[in-house]
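Student: Below: one structure in structure tokens.
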Amino acid sequence: QVQLVESGGGLVQTGGSLRLSCAASGRTFSTVTMGWFRQAPGKEREFVAAINWSGLRTYSSDSVKGRFTISRDNAKNTVDLQMNSLKPEDTAIYYCAATPRTTGSTSLYDYSHWGQGTQVTVSS
């Protein structure tokens, strides 16, 4: 069982940066793939980035590629999302999620554990 708690959201201007962090509890953290998703008002939840259990393989959506970086520290049970060059369209609630799949998945239906979300707002 994995429990997830996100932090680091907030208000930032266009072009700014934020770093989200997800703290996980549970002995299986180092064996699961972790992902970040986001959901804007009136829109479906969408994939942002994922990282496999070892941290050696990462995946990201085309909309954030080159701007967002996902990383993890299995010793600390954390997964981070560094967000640079933020745009107003990045405004959303960001969720951390875990899946037992060993390869990165972009489908939210593959993820069985979710955090409560953290709000990111980018002003123009």
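Student: Give the aspartates and glutamates whose C-alpha is closer than 19 Å to that of K87, dropping any in the same chain fewer than 8 places away, or say none.
Tutor: Qualifying aspartates and glutamates at Cα under 19 Å: E44, E46, D62.
Student: Report relative contact order for the range 1-98 in percent, whole number only (criteria: Cα-Cα under 8 Å, sequence separation at least 6). Let's see the in-between values first.
Tutor: Working: 199 pairs, mean separation 34.2, N = 98.
Reported as a whole number, the value is 35 percent.
Student: Please give me, ordered by residue number, the GluC sites (Glu not before Pro) of the range 41-108 that lie in loop per DSSP and have at most 12 other Cβ atoms within 10 Å. If you can, show how the numbers build up before the last one.
Tutor: Numbers: sites: E44, E46, E89; in loops: E44.
Listed in order of number, the matching sites are E44.
Student: Whole-Hz ³J(HN,Hα) for each residue in the range 9-26, computed from phi via Karplus 6.51 cos²θ - 1.76 cosθ + 1.60 with θ = phi - 60°, x for glycine and proline: what do you get?
Tutor: Residue by residue, the range 9-26 yields x, x, 9, 9, 7, 3, x, x, 10, 9, 10, 8, 10, 10, 9, 10, 10, x Hz.
Student: While we're here: Along the charge dipole of the chain, which of N84, G66, T31 sits closest to the positive end, that is, farthest toward it, with unit charges on the beta carbon of Lys, Arg, Asp and Glu (+1, +1, -1, -1)?
Tutor: My answer, from the dipole projection, is T31.
Student: Ignoring ligands, DNA and RNA, what percent of the accessible area of the chain is carbon or sulfur (1.4 Å)? If you can, show how the numbers build up before the last one.
Tutor: Values: 3160 of 6440 Å².
It is 49 percent, rounded to a whole number.
Student: Placing unit charges on C-beta atoms (Lys and Arg positive, Asp and Glu negative, everything else neutral), compute the dipole magnitude of the chain about its Cα centre in debye, rounded to 20. Write out the running numbers ahead of the final one.
Tutor: Working: 12 positive and 9 negative charges, 43 e Å.
Magnitude of the dipole: close to 200 debye.
Student: Still on this structure, I have one more. Take the chain, mark every one of the trypsin sites (Lys or Arg not before Pro) that falls in a DSSP loop and has at most 14 other Cβ within 10 Å, then report the longest stretch left between them, sites excluded. Could the numbers behind the result be given before it?
Tutor: Details: sites that count: R27, K43, R57, K65, K76.
Looking at the chain, 77-124 is the longest stretch - no exposed trypsin sites (Lys or Arg not before Pro) with at most 14 other Cβ atoms within 10 Å.
Student: Still on this structure, please answer the following. How large is the accessible surface per residue of the chain, computed with a 1.4 Å probe and reported in Å² as a whole number?
Tutor: Values: 6440 Å² over 124 residues.
Using a 1.4 Å probe on heavy atoms only, each residue of the chain averages 52 Å².
Student: From Cα coordinates alone, what are the radius of gyration and Dmax values for the chain in angstrom?
Tutor: Reported Rg and Dmax, both Å: 13.3, 42.
Student: Using Cα centres only, tell me the gap between the range 106-124 and the range 38-104 in whole Å.
Tutor: 8
Student: Moving to a separate point now. Give the whole-number value, in cubic angstrom per residue, of the convex hull volume spanned by the C-alpha atoms of the range 34-94.
Tutor: Convex hull of Cα atoms, per residue: 80 Å³.
The values are calculated or read from the model by the stated rules, or taken from the named source; none is laboratory data. Nothing here was measured: the structure is a model prediction, and the numbers come from that model. Cβ: placed from backbone, ideal geometry, glycine included. Neighbour counts: every protein chain shown. Surface accessibility is based on the protein's heavy atoms, side chains included, excluding ligands, DNA and RNA. Shrake-Rupley method; radii C 1.70, N 1.55, O 1.52, S 1.80 Å.
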